[in-house]
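Contents: one structure, followed by commentary.
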Amino acid sequence: MQAMPPALEVNDLTVAYRDKPVLWDIDLQVPTGVLMAVVGPNGAGKTTLIKSVMGLMQPAAGSVQVFGEPAGRQQVRRIGYVPQRTSVDWDFPTSVRDVVAMGRYNRGGRWRRADRRDAERVARALATVDMEDLADRQISELSGGQQQRVFLARALVQDADLYLMDEPFQGVDAVTEESMVAVLRRLQEQGRTVLAVHHDLRTAPAYFDWVALLNVRLIASGPMATAFSECNLRETFGGSAPEWANPPVTAAG
Amino acid sequence: MSSLEFEILATAMMVSAACAMPGAYLVLRQMSMVADAISHTVLLGIVLAFLIVPLYGHPLMVFGASVMGVVTVLGIDLLKRTGLVREDAAIGITFPALFSLGVLLISLLARDAHLDEHMVFQGDLVYSVFQRLELGGRGFGPMTLWKMAGIFLLNGALALRFHRELKIATFDPVLAATLGISPALVHFGLVLMTSVTAVGAFDSVGSILVIGFMVVPPVTARLLTDSLARYLGLSILLGCVSSLGGFWIAWTVNGSVGGSISLVMGAMFVVVLLASPRRGLVADWRRRRRQRVEFAVRMLVIHLFQHRALGQRTEENHAGHLEAHLGWSAEFSRRITELAEARGLIRRVDTHWLGLTSIGQRQAEQSLAG
C-alpha cells in the first residue's frame with residue numbers, strides 16, 4: 001500500500017528580491033490532516049512562503065508539490081487562501097454574503113450559475129463564523145475582526161483540501177479567536193490541512209499541533225511537542241527572544 | 001425639436017451609455033487617470049490606422065486604433081514596474097508624448113481629412129450626425145449613433161457575461177488567480193473595452209467628454225448606492241440624464257452641446273456630493289452634529305455622577321460653570337442642560353445647581369461600566 005502523499009511538500013525553495021534572499025533553501029513537509037503554525041520574526045519570509053506555494057511569486061529555485069503533484073493551475077484549486085485582510089479594498093460596493101459567495105466561483109464549471117446549493121453553503125459558512133446577522137451588511141462597515149471572519153467563511157465555501165492562512169487572527173478579539181480556532185479544528189476533523197502564519201507564541205501550542213519555525217531559512221518543523229523547543233525558538237528569534245511569557249514546551253513538560 | 005436635433009441628443013445619450021460600462025469598473029479599480037490617458041492616446045491610433053486604411057469609422061479601423069490604448073497601458077505598467085517612476089507620473093509621462101505625436105501627424109499628413117485639432121479636444125456632436133449610414137440607397141440615420149449602439153451592446157454583453165470575473169478580479173485579484181481567473185486578462189480586457197469605446201466616441205465627443213462620461217457618472221453613482229448592480233445601472237442612467245440636461249441647456253442658449261453636458265455632469269456630482277442621503281456631506285455633517293449633542297449629554301451626566309460626592313451645591317455642578325469645567329459655550333451649555341432635563345436625566349436644585357435623577361444615575365453607571 002502506498003503511503004498518502006503529504007498535503008504540501010516544499011523542496012529547496014529559494015526566493016529572492018533581486019540579490020536579497022527572502023527564503024533560503026526551504027525543505028518543508030506538511031502531512032495531510034495537521035494544523036501547522038508558521039512562526040518567525042518580521043521579515044522571516046512567512047508571507048513569501050505562502051505566496052510561493054500559491055504561485056504568486058517566482059522562486060529563484062526549488063519546487064512545490066501539493067498532494068504529491070507539482071503545484072500548478074490544477075493543484076492550486078485544491079487550496080483555500082486566506083490573505084491578510086489589508087490586501088483588498090473594503091470600500092468595494094458589495095455585501096458580506098456576496099464576498100463569501102465569491103469562493104463558490106468555478107464550483108462545477110465556469111458556465112454554471114450560482115444556485116440554491118451555493119446559497120445554502122454560503123449561509124452555513126456565515127453561521128459557522130457567527131456572521132449570519134451581518135450577511136447583508138455593506139463590507140465597508142465591518143470591523144477588522146469581522147473582515148477576517150468573512151475571509152475565513154469565504155475559504156470554507158471553497159471546500160479546499162489545504163488551507164493557507166496569512167495571520168487569520170489579526171485584529172480579532174479573544175472570544176472570536178477562540179471560535180475561529182474551533183472552526184480550524186472542525187476542518188482538521190474533516191481531514192483537511194491548515195497552514196497558518198501565527199504571531200502569538202503563547203497561544204501557538206494550544207491552537208496548533210504542528211509548527212514550522214522560519215527565519216529566512218527553516219529552523220525546524222514537526223509536531224509541536226518536539227519542534228517548539230526553547231532552543232529552536234531562540235535560534236529563530238535570536239537572543240532578544242520576544243513574548244514567550246510562558247516558555248511553552250519546556251515549562252509544560 | 002427637429003429630427004436632426006433629436007439625432008444629436010440620441011447620439012449623446014448613446015455615447016454616455018457606452019462609456020458608463022468600462023468607466024464604472026475603471027473607477028472601482030482606481031484607474032480613472034488611465035481613462036484620461038487612453039482617451040487621448042487613441043488619437044495616435046486613429047491617425048495611424050487612418051494612414052494605413054483610409055476608411056474612417058470602419059469597424060476594423062476602430063479595433064486597429066484601439067490597440068494604441070493597450071500599448072499606452074502596457075507602457076505605463078512597464079514604467080511603473082521599473083520601480084523608478086510611480087503610476088501617476090508614469091501616466092503623466094506616457095500620454096502627452098503619444099498624444100502629441102498624434103496631433104503632429106494630423107497637422108503634417110492628414111490636413112485634408114476631417115480630423116482637426118479643435119475636434120480632438122471637443123469632438124463635434126453636431127458635425128458627427130451629418131455622416132449618414134446608407135444601405136442600398138436608403139438612409140438609416142447617423143453613422144455615429146449606430147456605431148455607438150454597437151459598442152454599447154458589446155460592452156453590455158461583455159459586462160453581463162463576465163460580471164463575476166470582473167467583480168472578483170477587481171475586489172481580490174489574488175483570489176481570482178486561485179480560482180482560475182487571470183487578473184491580467186481581465187485588466188487588459190477592460191483596457192481594450194475602454195479603448196474601443198474611446199475610439200468610437202472620439203469624433204462625436206472628443207477626449208474630454210469621453211473622460212467625463214467614463215468617470216463622473218460612476219463616481220456620482222457610487223455616492224448613491226452600495227450595491228454593485230445598482231451602481232452599474234445608475235452609471236448608465238446618470239450619463240443619459242446628463243446628456244439630456246446638457247442638450248436642453250445647449251438648445252436653450254444655442255451653445256456647445258458637449259460643453260453643456262460636461263457642465264451638467266459636474267453640477268450633478270456636486271449636488272449628489274452634498275445631498276446624497278447616506279454618504280453626502282450634508283448628511284455627514286448632520287450626523288456629526290447629532291453625535292456631538294448626544295455625546296455632550298452623556299458627558300454632562302457622567303460629570304455630575306463623578307462629582308456627586310462633593311454635595312448638592314458645589315462649584316462643579318453649578319449650571320453656570322459648565323462653560324469653564326467642560327469647555328462649552330454658554331449657549332451650548334444651556335441647550336445640553338435643557339435636553340438632559342427634558343429627558344429626565346437631571347434635575348435642578350435651587351435653580352442654579354444640577355443633580356442627577358435616578359434615571360441619570362443609572363445611565364452614568366452604565367456608560368462607565370460599558
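The values are calculated or read from the model by the stated rules, or taken from the named source; none is laboratory data. None of the values given here were measured: they were computed from a predicted structure. All Cβ positions, glycine included, derive from the backbone under ideal geometry; neighbour counts span all protein chains shown. Areas reflect the complete protein model, heavy atoms only, side chains present, ligands, DNA and RNA absent. Shrake-Rupley method; radii C 1.70, N 1.55, O 1.52, S 1.80 Å.
Summary of values
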{"item": "Inter-site label distance for B:Ala309 and A:Ala61 at 7 Å from Cα along Cβ, in nm", "result": "7.1"}
{"item": "Folded to 0 to 90 degrees: helix B:59-81 orientation relative to chain B principal axis, Cα", "result": "50"}
{"item": "Cut-off 18 Å (backbone N to label point 7 Å along Cα→Cβ of A:Met4), residues of the stretch A:52-71", "result": "A:65-69"}
{"item": "Global geometry of the stretch B:3-215, whether rounded, prolate or oblate, following the gyration tensor of its Cα atoms and the 1.5 cut on a/c", "result": "oblate"}
{"item": "Size of electric dipole in chain B: Cβ of Lys, Arg +1 and of Asp, Glu -1, about Cα centre, debye, nearest 20", "result": "1360"}
{"item": "Qualifying lysines (Cα of each under 20 Å from Cα of A:Lys20; at least 8 residues distant if same chain)", "result": "A:Lys46, A:Lys51"}
{"item": "Computed E for B:Thr82/B:Leu160 - FRET, C-beta separation, R0 56 angstrom, nearest 0.05", "result": "0.90"}
{"item": "Computed lengthening from B:Val282 to B:Ser3, 0.36 nm per intervening residue step minus Cα-Cα distance", "result": "96.2 nm"}
{"item": "Selected from B:Asp284, B:Asp350, B:Asp226 as most flexible by GNM, with chain B as the system and alpha-carbon contacts under 10 Å", "result": "B:Asp350"}
{"item": "For the protein assembly as shown, radius of gyration divided by Kirkwood radius, i.e. Rg to Rh on alpha-carbons", "result": "1.08"}
{"item": "Rounded, prolate or oblate (a/c below 1.5 giving rounded, otherwise prolate when a/b exceeds b/c) for the stretch B:1-91 by Cα gyration tensor", "result": "oblate"}
{"item": "Per residue accessible area in Å² of the stretch A:38-112, where ligands, DNA and RNA are left out and the probe is 1.4 Å", "result": "43"}
{"item": "Overall form of the stretch A:10-123 per C-alpha gyration tensor (a/c, 1.5; a/b vs b/c)", "result": "prolate"}
{"item": "Assigned charges on the beta-carbon of Lys, Arg, Asp, Glu; the stretch B:289-370 dipole about Cα centre (debye)", "result": "280"}
{"item": "Stokes-Einstein D in µm²/s, Kirkwood radius over Cα pairs - the stretch B:282-369 at 20 °C with 1.002 mPa s viscosity", "result": "162"}
{"item": "Centroid-to-centroid separation of the stretch B:305-370 and the stretch A:31-104 [C-alpha atoms, Å]", "result": "56"}
{"item": "Heavy-atom surface of the stretch B:282-369, accessible at 1.4 Å and reported per residue (Å²)", "result": "63"}
{"item": "Cα lying deepest toward the dipole's positive end in the protein assembly as shown, options B:Ile38, A:Leu28, B:Gly75, charges on Cβ", "result": "B:Ile38"}
{"item": "The protein assembly as shown, dipole about Cα centre (Lys/Arg Cβ +1, Asp/Glu Cβ -1), debye to the nearest 20", "result": "1080"}
{"item": "For chain A, radius of gyration divided by Kirkwood radius, i.e. Rg to Rh on alpha-carbons", "result": "0.97"}
{"item": "Between A and B, accessible area buried - total, square angstrom, nearest 100, 1.4 angstrom probe", "result": "2500"}
{"item": "Of all accessible heavy-atom area on the stretch B:3-215, the percent that carbon and sulfur account for (1.4 Å)", "result": "71"}
{"item": "Loop trypsin sites (Lys or Arg not before Pro), the stretch B:311-370, which have at most 16 other Cβ atoms in a 10 Å radius of their Cβ (DSSP)", "result": "B:Arg313, B:Arg343"}
{"item": "Accessible area in the full protein assembly, largest first, 1.4 Å probe, for B:Ser195, B:Ser329", "result": "B:Ser329, B:Ser195"}
{"item": "Among beta bridges that DSSP assigns inside chain A, antiparallel share in %, nearest 5", "result": "55"}
{"item": "Residue with peak Gaussian network fluctuation, chain A [Cα springs, cutoff 10 Å], from A:Trp90, A:Trp210, A:Trp24", "result": "A:Trp90"}
{"item": "Accessible solvent surface per residue of the stretch A:137-189, calculated while the other protein chains remain in place, 1.4 angstrom probe, Å²", "result": "34"}
{"item": "Within 10 Å of each Cβ in A:85-97, the average number of Cβ atoms from other chains", "result": "4"}
{"item": "Relative counts (whole %) of C-alpha pair distances in chain B, using bins that are 20 Å wide", "result": "25, 38, 18, 16, 2, 0"}
{"item": "Other protein chain Cβ atoms within 10 Å, averaged over every residue that makes up B:162-175", "result": "5"}
{"item": "10 Å Cβ shell holding at most 15 others, DSSP loop, trypsin sites (Lys or Arg not before Pro): longest site-free stretch of chain A", "result": "A:19-109"}
{"item": "Normalised per residue, the volume of the convex hull around the Cα set of the stretch B:266-306 (Å³)", "result": "45"}
{"item": "Folded to 0 to 90 degrees: helix B:228-253 orientation relative to chain B principal axis, Cα", "result": "70"}
{"item": "Within 10 Å of each Cβ in A:49-55, the average number of Cβ atoms from other chains", "result": "1"}
{"item": "Most mobile of B:Glu338, B:Glu87, B:Glu165 in a GNM of chain B (Cα contacts under 10 Å)", "result": "B:Glu338"}
